[in-house]
Amino acid sequence: MLSYMFRKEYYYCSSCDEQFTTDELDYSVELEWYCPKCKDNLDIFALDNDEKLVVQRKYPEDLVLGDRIYVVGYGYHGIHELKNKNKIKKGYALSLLEHGRLEVTKDQWLNIHEGTWDPNDTSIDINI
Ligand SMILES: [Zn+2]
């Protein structure tokens with residue numbers, strides 16, 4: 001599973017220094033994971049089990065080599081670096097380090113691991 005939403009999420013634009021709820025993101029076409037004001041990629045603060053993650057979401061055409069892709073499935077959670085990307089008929093074929101080949105459609109967004117957050121950081125007003 002790639003287009004995986006975490007149990008609780010908090011959306012933050014570092015350029016505008018503003019936070020958003022999912023209601024403020026545009027559901028009308030498809031989920032857009034960028035800031036509704038400046039169009040920068042949103043940082044998403046999430047809790048996955050006990051891990052405090054910061055991810056960004058990108059569609060396959062926006063992925064760049066070196067992106068750290070969060071792969072989830074059947075009890076497995078792992079982060080794998082993108083080594084190669086090729087356009088195929090259904091979308092893209094991705095080669096992930098220590099994971100292998102993965103085929104995705106072009107409208108399938110992925111979680112890109114940016115880092116972790118500090119629960120003691122009081123600037124993050126998040127109740128998770
Ligand atoms: Zn913004």
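The values are calculated or read from the model by the stated rules, or taken from the named source; none is laboratory data. Computed from a predicted model, the values in this text were never measured in an experiment. Positions of Cβ are backbone-derived with ideal geometry, glycine not excepted, and every protein chain shown enters the neighbour counts.
The set of residues from the stretch 42-63 being over 14 Å from GLY115 (Cβ atoms) and either part of a loop (DSSP other than H, G, I, E, B) or within 10 Å of the chain's Cα centre (by Cα) (or both) comprises LEU42, ASN49, ASP50, ARG57, LYS58, TYR59, LEU63. In the stretch 37-48, the residues that are among the charged types (D, E, K, R) form Cβ pairs under 7 Å with partners that are assigned to a loop (DSSP other than H, G, I, E, B) and more than 7 Å from the ligand (Cβ to nearest atom), at six or more places apart or across chains, as follows: ASP43/SER14; ASP48/PHE6.
For the stretch 7-51, a tally of residues being modelled with pLDDT of 85 or more and away from the ligand (no atom under 16 Å from the Cβ) returns 2. Residues in the stretch 91-106 that are surrounded by 11 or more Cβ atoms within 10 Å (Cβ to Cβ) and outside any strand (DSSP E or B): LEU97, HIS99, LYS106. Within the stretch 2-20, residues that are over 10 Å from ALA46 (Cβ atoms) and assigned to a loop (DSSP other than H, G, I, E, B) reach partners that are of a type in the set (Phe, Trp, Tyr) and away from the ligand (no atom under 16 Å from the Cβ) with beta carbons closer than 6 Å, at six or more positions or on different chains, in the pairs SER3/TRP109.
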